[in-house]
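A short write-up of the structure that comes next.
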Amino acid sequence: VPQIESLLGRLARVVGPTNVITDPDLAKPYVIERRGRYTSLPQAIIRPASTAQVVEIMMLCHQAGVRIVPQGGNTGLTGATVAAPGEIIMQLGRMNRIRSLDARNFSVEVEAGVVLADLQRAAAEQGCHFPLSLAAEGSCQIGGNISTNAGGVSVLHYGNARELVLGLEVVLSDGRVWNGMRKLRKNNTGYDLKHLFIGAEGTLGIITAAMLRLFPAHVRQATAWVGLSNVDDALRLLAKLEDRYSGELTALELVPRVALDMVRGRWPDLIDPIAAIYPYYALVELTSPAPGADLRDGLGDLLAEMAEDGCVRDGVLAHNAEQTKTLWSLRERISEAQGYFGGSIKHDISVPRSRIPAFMRAAADAVGRAMPGVVIVAFGHLGDGNLHYNLSQPVGMDRADFLNRWEEMNRVVHDLVVLHGGSIAAEHGIGLARRDELARYTASVELDMMRALRSAVDPDGLLNPGKVIDLPSR
Ligand SMILES: Cc1cc2nc3c(=O)[nH]c(=O)nc-3n(C[C@H](O)[C@H](O)[C@H](O)COP(=O)(O)OP(=O)(O)OC[C@H]3O[C@@H](n4cnc5c(N)ncnc54)[C@H](O)[C@@H]3O)c2cc1C
């Protein structure tokens, strides 16, 4: 009697036995969720090396009715790569080739598993710039960046990941390939399907490759750390920078003093850029691909003018690459530092920039009333109206007691976000962590359209089940 080969056996013939991982020790990097909120229990992790292998895997899993959770660098912060028992994680890290770079068209064709920092470097070697930049860039992958429509620190100038995508190659849940790898900046031939997959968090297809936009490399740059009294002044600084440097302003990040104290508490060797203490700091960056006057002089003059009218309290300019890196590391280490000071309840919100001061005042008041002593660590991409409105546990409170109030505090913050015309998921996406919040704050007509799209593209519900939005039970 011929033996029926198991699914894993057949998958091993596609990708090679070492790329079907079932050993719990080897599985660790793929099943551990960095915030420790979820546990993944997949039957295996599979690591394809080509689009053809992804096609075969999807066909086999489709036939067997086995569900697939796509995974890139596993740096996402919403539990979107967590797999339930019986599911298979498809990790794209072996698909890490830069297929071609067209410097005259300012475009680059990459496989989904290319690590973001590797793409930045490859672009720089050809005199180009790939602007997506975020603190996890050493391990997150292009497929993950596109699937989360990642934001990061250059959105102010270049937009989110969505704005950087010219074309995609996607394998659907039944194994069919959609080759949308166009290099075009103009193309109105029917529905623009790539946008369906951008930000879909792996629920509609497996992105196997992307055609991305490049930009000219910078030849001038200025980075400053600015002391401020309040958020209103940070917005006044932003407005002034946009008036004078609309073409060069690349980033404006907000760092409250409490966040800087946490970073310096965790890494005491890091130096406070400004000796005096201010309630807020802005990290400002200007860049330009064109030769011209030193941007540092211009930025220094602007800060001096704003100091005269009382908006800016103090500021320092980076004078070399090392100093620039140090200033950025103060900003980029905030999340990690916060974890060192006990539990933290996270919010990834955006409101229209004009509403930020009113939102911040209302939220501080409401959060303080709900939980006296809670520490508000609201930092991040002020220039985009996107703040990581995180709450650290009050001194002396039990960590578990604090974290048990996650939903209650979400309600306090998210109700106010919505009241101020904002979003409860600005750049990290929905995943599992915000699925109920999405359902709560989204109009039923919008939820119906999302469900209809998901059912149309993946009728058997095989891709990243349980994430973003539930399908009606079949
Ligand atoms: C320190 C730190 C800082 C961060 N800063 C930012 C920031 O500034 N801005 C920001 O937007 N995010 C930020 N993030 C979140 C995270 O890095 C981004 O969401 C990133 O884009 C995820 O990429 P990844 O490769 O790790 O994806 P993963 O975490 O592996 O996956 C994320 C989602 O994409 C899906 N997916 C992955 N690859 C594919 C594929 N090939 N096809 C289909 N679906 C796929 C997964 O199923 C999942 O739904 C940060 C994270 C950390 C740890």
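Number of residues in the range 77-88 that are under 16 Å from Gly205 (Cα atoms), near the ligand (Cβ under 9 Å from one of its atoms) and of a type in the set (A, V, I, L, M): the value is 1. Within the range 210-233, the set of residues being closer than 16 Å to Leu327 by Cβ and either within 26 Å of the chain's Cα centre (by Cα) or modelled with pLDDT under 95 (or both) comprises Gln221, Ala222, Thr223, Ala224, Trp225, Val226.
With the structure loaded, tell me whether Asn179 is within 19 Å of the chain's Cα centre (by Cα), modelled with pLDDT of 95 or more and of a type in the set (S, T, N, Q) or whether it fails that test. No, not satisfied.
Here the range 300-351 is the region considered, the condition is being part of a strand (DSSP E or B) and within 16 Å of the ligand (Cβ to nearest atom), and the residue that is farthest from Arg435 (Cα to Cα) is Ser344. Among residues of the range 302-320 that are closer than 17 Å to Glu242 by Cβ and touching a residue at least 24 places away in the same chain (Cβ under 8 Å), those with a beta-carbon under 6 Å from a residue that is part of a strand (DSSP E or B) and of a type outside the set (Phe, Trp, Tyr) at least six positions away or on a different chain give the pairs Leu303/Val312; Leu303/Gly315; Met306/Val312; Val312/Val226. Number of residues in the range 216-240 that are in contact with a helix residue (DSSP H, G or I) (Cβ under 7 Å, 6 or more places away or on another chain) and either over 17 Å from Val312 (Cα atoms) or buried (at least 19 other Cβ atoms within 10 Å of the Cβ) (or both) equals 14.
Condition (residue is in contact with a Pro (Cβ under 8 Å, 6 or more places away or on another chain) and under 21 Å from Arg361 (Cβ atoms)) applied to the range 232-241: is it met by at least one residue? Looking for residues that are in contact with a Pro (Cβ under 8 Å, 6 or more places away or on another chain) and under 21 Å from Arg361 (Cβ atoms), one finds at least one in the range 232-241, hence yes. Would it be correct to say that Gly152 is touching a Pro at 6+ places or on another chain (Cβ under 9 Å) and surrounded by fewer than 24 Cβ atoms within 10 Å (Cβ to Cβ)? Taking the combined requirement at face value, the residue satisfies it.
The C-beta contact set for the range 146-162 (first residue without any contact (Cβ under 8 Å) to a residue 40 or more places away in the chain, second residue in a helix (DSSP H, G or I) and within 6 Å of the ligand (Cβ to nearest atom), distance under 8 angstrom, 6+ apart or interchain) comprises Ala161/Asn145. Within the range 89-105, restricting attention to residues that are surrounded by fewer than 23 Cβ atoms within 10 Å (Cβ to Cβ) and of a type in the set (A, V, I, L, M, F, W, C), the residue that is farthest from the ligand (Cβ to nearest atom) is Ala103. Using the structure shown, decide if Asn74 is within 9 Å of the ligand (Cβ to nearest atom), at positive phi, buried (at least 23 other Cβ atoms within 10 Å of the Cβ) and at pLDDT 95 or above. Here the answer is yes, as Asn74 does meet what is asked.
Each residue in the range 257-299 was checked for being touching a residue at least 60 places away in the same chain (Cβ under 8 Å), within 12 Å of Leu330 (Cβ to Cβ) and part of a loop (DSSP other than H, G, I, E, B), and 2 pass. All conditions in (1) closer than 27 Å to Ala161 by Cα; (2) in contact with a Phe, Trp or Tyr (Cβ under 8 Å, 6 or more places away or on another chain) hold for Val226, with the sole exception of (1).
If you filter the range 234-246 down to residues that are small (Gly, Ala, Ser) and at pLDDT 95 or above, you find that the one that is farthest from Leu302 (Cα to Cα) is Ala234. Scanning the range 75-88 turns up one or more residues that are in contact with a Ser or Thr (Cβ under 6 Å, 6 or more places away or on another chain) and within 19 Å of Ile21 (Cα to Cα).
Residue count for the range 106-116 under the criterion of being hydrophobic (A, V, I, L, M, F, W, C) and more than 15 Å from the ligand (Cβ to nearest atom): the result is 2.
Selection within the range 117-137: residues that are part of a helix (DSSP H, G or I) and of a type outside the set (A, V, I, L, M, F, W, C). The member of this set that is nearest to the ligand (Cβ to nearest atom) is Asp118.
The values are calculated or read from the model by the stated rules, or taken from the named source; none is laboratory data. Everything numeric here is computed off the predicted structure, so don't read it as measured data. All Cβ positions, glycine included, derive from the backbone under ideal geometry; neighbour counts span all protein chains shown.
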